[in-house]
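K.L.:
The following block contains the structure, expressed as structure tokens.
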Amino acid sequence: MALPRGAGSRMDRMPRYVRSAFVSVALVAATTPGLAHEAAGVAGGLSSGFTHPLFGPDHLVAMVAVGLWGAFLGAPAIYLLPVVFPMVMAAGGVSGIVGVELPYVEAGIAASGIVLGLFVALAVRPPLAVAAVVVGVFAIFHGHAHGTELPEAADPVSYGVGFVVGTGVLHLAGIALGSLVRWPWGRTLVRAAGGAIAATGLWFLAT
Amino acid sequence: MRREGLGLGIVLAAGFGAPALAHDAVPGVTGHASLLLHPVFVFEEMLVFVAAGLMFAGQGRAGWREAIAALTVGMLAGAAVFAAEVTPFFAWAAPYVAGTVAGLAVLLDRPLPAPVRALGFAVLGLGAGVVAAQEGGDWRALAEVVATTAITGGAIVLAIGLAARGIVRLTGRIPLRIAGSWLAAVSLMVSALVLKFAF
């Protein structure tokens, strides 16, 4: 079957990372969900871990913001920030597991939404190292919150796998949305999304 | 390219196939089939074999024979120490510590020196052997569970390795490095958890 004129070439013009993001999100969306017992065993742990960042709006907005900002900044931030976040989040998770006290965890999580959202909304473009440090600092708060919950999970290993993959999926969603900056209307949309994330973070901080 | 396509196909077929079932909830599956499915349903083993598959994809073909040998020897050693009831506490943490190192190696995308690579695969195998041996009883049952774990584990390593190489050819090395960061993140946290409980 013949493709419409230009259909293939439009896809070809897309950067590889944009195609990767779309393919990854499509694959995750297309796979069959775990249907085993609720919150029990491997499937329960995996399911609770995966859905924790998805259904926890404070985590959700921050993690989408990481992908969004990465896409906004372009390569190499587009893949560096989503790599820095889970690694530093894991270090924060270890601190939570071993019982290190970290003050203002919830405030830090809310602040992550505000700051990252504002950076996107205001089109802030710091040097790559500064962006990585900003994302890393906030990842510690998210990781610590997860780490304190991990020992109580039904299956800690699968819970850990679930929430790291859930976090990654949110980053990919942010990257996919952020990739719209290539068009003028998309740039406006992405900055508006950043503003909405900042407002959501502010609401979390206030409540 | 055909082999990478095969690996990608296997992983996709697994994703589109049956839903995830709990470890003890595979209706009607017993005996050899149950043992063969063990690495698929036991997360600790799956983590080890996924890590090994990503390592194969990231490190290229150099030294793959030594890597397979190290993985196998590690598995046998893990099963042996468990059977001898001398399992040191670090054996329980071994798959996660090795998973962290493997994830970082994939993330950094640098070829490891051959001895380090072999040691990494051996420690991954050690972890898989210790976990698998828990299903064994006498020496015969132990041999059976180790053999079936090796067969299924080998298939997982091959499928993940070929799928990852296929994705690298299609999209570049970035998705592989991101997968490495996820693997390292999960393994690091679970290492901390295991070591916390051990002490």
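K.L.:
HN-Hα J couplings of segment B:142-156 from phi, Karplus 6.51/-1.76/1.60, θ = phi - 60°, integer Hz, Gly and Pro as x?
P.N.:
After applying 6.51 cos²θ - 1.76 cosθ + 1.60, I find 5, 4, 5, 5, 5, 5, 5, 5, 5, 5, 5, x, x, 5, 5 Hz.
K.L.:
Please compute the Cα-Cα pair-distance distribution of segment A:149-207 with 10 Å bins starting at 0, giving whole percents from short to long.
P.N.:
Histogram of Cα-Cα distances, whole percents per bin: 20, 29, 31, 16, 3.
K.L.:
How many partner chain Cβ atoms sit within 10 Å of a residue's Cβ in peptide B:191-198, on average, as a whole number?
P.N.:
5
K.L.:
Quick one: what do you get for segment A:54-206 if you divide its Cα Rg by 2.2 N^0.38 Å?
P.N.:
It is 0.99.
K.L.:
What span do the alpha-carbon atoms of segment B:31-76 cover on each of the three principal axes, reported in whole Å from largest to smallest?
P.N.:
So the extents along the principal axes, rounded to whole Å, are 37, 19, 15.
K.L.:
OK, next. Give me the one-decimal Kirkwood hydrodynamic radius in Å for segment B:79-199, with the sum taken over alpha-carbon pairs.
P.N.:
15.6 Å
K.L.:
OK, next. Per the Kirkwood definition applied to all pairs of different Cα atoms, how many angstroms is the hydrodynamic radius of segment B:36-117?
P.N.:
On the way: mean 1/r = 0.0734 Å⁻¹.
After inverting the mean inverse Cα-Cα distance, the result is 13.6 Å.
Each value in this text was obtained by applying a stated rule to the coordinates, not by laboratory testing. These numbers come from a predicted model, not from an experiment. Neighbour counts run over all protein chains shown; Cβ positions are idealised from the backbone, glycine included.
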